[in-house]
1. Using r as the Cβ-Cβ distance of Ser268 and Lys298, and R0 as 22 Å, what FRET efficiency do you calculate, to the nearest 0.05?
2. Could you compute the FRET efficiency for Arg281 and Gln176, with r as their C-beta to C-beta distance and R0 at 30 Å, rounded to 0.05?
3. How high is the FRET efficiency between Lys211 and Asp141 when r is their beta carbon distance and R₀ equals 25 Å, given to the nearest 0.05?
4. For the residue pair Glu197 and Thr23, what label-to-label distance in nm results when each label sits 7 Å from Cα along the Cα-to-beta-carbon direction?
5. Test of understanding: what is the full-extension gain from Ser323 to Ser289, defined as 0.36 nm times their sequence separation minus their Cα-Cα distance?
6. About the Cα centre of segment 76-171, what is the dipole size in debye to 20, counting +1 per Lys and Arg Cβ and -1 per Asp and Glu Cβ, all else neutral?
7. Could you check the simple spin-label distance between Thr338 and Tyr86, using points 7 Å along Cα→Cβ, in nm with one decimal?
8. Please list the non-local residues whose amide H lies under 5 Å from the amide H of Gly192, H modeled 1.01 Å from N, same-chain partners needing a gap of 5 or more.
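Derivation of every value follows stated rules applied to the coordinates shown; laboratory data play no part. As the structure is a prediction and not an experimental result, all values here were calculated from the model. Every residue, glycine among them, receives a Cβ derived from its backbone with ideal geometry; neighbour counts consider all protein chains shown.
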Amino acid sequence: MLKPLFLLLLLLPVASFAQLKITGRVIDKRYKTPILNARIVLTGDTTKYKTNEEGVYIIPNVKPGEYTLLITSNEYESYANTWLVYDNSIVIPDIELLSIDELDLTNDKYNANRERDLNIFKMMFLGESANAKQCKILNPDVVFVKYNNMLKNLTAFSDEYINIENRALGYLIKYQLRTFHYLKNGSVYFDGVQKFEDLSGSESEKRKWKKERLAVYQGSLMHFLRAIIGNHLDEDGFKVSRLIRRLDTDYYKLTARTSYKGIYNGDSLPIDSFINHTNKRGVFALKFSDQLYITYNKKKQYPNINTVGMPPNLPKFATTIVSFNEAYALFGIDGVITNPQSISFEGEWGDTGVANLLPPDYQP
């Protein structure tokens, strides 16, 4: 897609035939990050230029005249503008490009299946807890959503804050969605920037919200991580064990379907076997070579968890299976994961969604 051409006149006195230069920077429109190796072409100049790691490009030895600047990249929309250069070197304002994937989403915002796709997004984004039924997205038009029929996945993002009224916990959540992926295997990943505001309510409503917030906190990931930092997992009702999963090759040969065997070790793991300090004060690293099997003995078991291959006599407490997508999941003293793509959950923490989200400064 070529952006409309426009002519920028630099109102400077016409002068000599000096050798000038054009400089500028190319960045991602949504993330404001530099775009590396974007191709830069100036009409009449056969030299090929590219942006560096900072997204900066420099075109030297430019004679006064009128030029078209063309910028292309395999991953971003194309750009073209006409510039009139006089006797001074010019610095072009930052050029912001939208990625091809997001461009497709933008163009497809009001497609025929938008209502269907938006409903799927709401269910996965808000979660499937009882609290989700009391949540409402007030401005769904800011959500860009698209279902890929070939890959069987749903992607979404928002350029503006999504306003979510949570009547279960008494919050107005403003969530600027950077990334959302709902995959065909049922897994969901999303992250973004969030702000919380307390809703107005009667005194009885405020008491109810305080009680419900505490109920959400107890046994949550935030509670678990804070209990690790405070070294009181046992006192708070958590137990962490090792779970090893291996592909069930016999089942696969028989059915051509993927299944896993679970090897469960019921012994409690010491904290230092899955937590590391980092070189940054107040930042910790959650890590483990296998899965973590985490139970919270003050709640009953969440039903949506894969117990295939697990011992039948396991206690029916609230359970979460933690898998690592990267070497470390980093978190601070507030109990919030800072690289959420590094970790995934099944069970108690797996389907909670935004409806059970608490602000980072929440205190029970």
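1. 0.85
2. 0.60
3. 0.15
4. With each label placed 7 Å out from Cα toward Cβ, I get 4.2 nm.
5. Using 0.36 nm per residue and subtracting the Cα-Cα distance, I get 11.3 nm.
6. That gives segment 76-171 a dipole magnitude of about 760 debye.
7. 4.9 nm
8. Amide H neighbours of Gly192: Arg178.
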